[in-house]
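Q: The structure that follows is given in the form of structure tokens.
Every number here is computed from the coordinates shown, using simple stated rules; none is lab data. Since the structure is predicted, the reported quantities are computational estimates derived from the model, not experimental observations. Ideal geometry is used to build each Cβ from the backbone, glycine not excepted, and the neighbour counts take in all protein chains shown.
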Amino acid sequence: MEPNSENLRDGLLARLPQPENLAEYRQETAAFIQKNEKTLSRQKRYAGAIWIWVVLLGTGLLMLCWRLAEKPGNAGRVAYIGTAILFFLISGAVELLKYFISHAKVELLKETKQVQLQVLELQSMLRKPGV
């Protein structure tokens with residue numbers, strides 16, 4: 001292994017919680033997860049609002065395109081508005097995708113922390129004499 005990767009490994013292993021600090025670590029983990037869920041909730045509202053705005057704006061612009069397409073000589077304007085609609089829909093979809101990725105990240109974090117707490121509980125049980 002390279003020396004850099006050994007330093008990284010040692011640094012990560014040094015940051016692992018000890019079984020003696022289980023109660024404190026459990027509280028820190030609960031606070032951290034609660035903070036992430038609060039941020040996720042805010043991001044969900046934001047993504048939903050953006051998506052609703054994009055759909056309403058897109059519908060209005062499509063109606064405008066329909067009106068403009070009835071008259072000859074407006075092909076350039078219709079194409080421009082159609083491109084704007086496409087841009088807005090892609091932007092809204094990106095916001096939704098960001099939310100879904102963040103949601104998956106928080107769920108994975110919760111599962112990982114749960115397993116880590118279980119391992120710490122097992123380690124603390126093994127260190128107790130008479131068990």
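Q: If we count every other residue with Cβ under 14 angstrom of R77's Cβ, Lys/Arg +1 and Asp/Glu -1, where does the sum land? Can you show the working numbers first?
A: On the way: positive: R67, K71; negative: E70.
Combined, the nearby Lys, Arg, Asp and Glu give +1.
Q: For the chain, what relative contact order do you get, as a whole percent, if you take Cα pairs closer than 8 Å and at least 6 residues apart?
A: On the way: 56 pairs, mean separation 50.0, N = 131.
Relative contact order for the chain comes out at 38 percent.
Q: Now for a separate question. Counting Lys +1, Arg +1, Asp -1, Glu -1, what net charge surrounds E111 among other residues with beta carbon under 14 Å of its beta carbon? Don't skip to the answer; put the middle values down first.
A: Details: positive: K105, K110, K113; negative: E37, E107.
Its environment carries a net charge of +1.
Q: Cα to Cα, under 28 Å, and not fewer than 8 places away if on the same chain: which lysines meet these conditions relative to K113?
A: Output for K113: K35, K38, K44, K98, K105, K128.
Q: How big is the chain by the Kirkwood estimate over distinct Cα pairs, in Å? Spell out each step's value before the answer.
A: Values: mean 1/r = 0.0512 Å⁻¹.
Averaging 1/r across every pair of different Cα atoms and inverting gives 19.5 Å.
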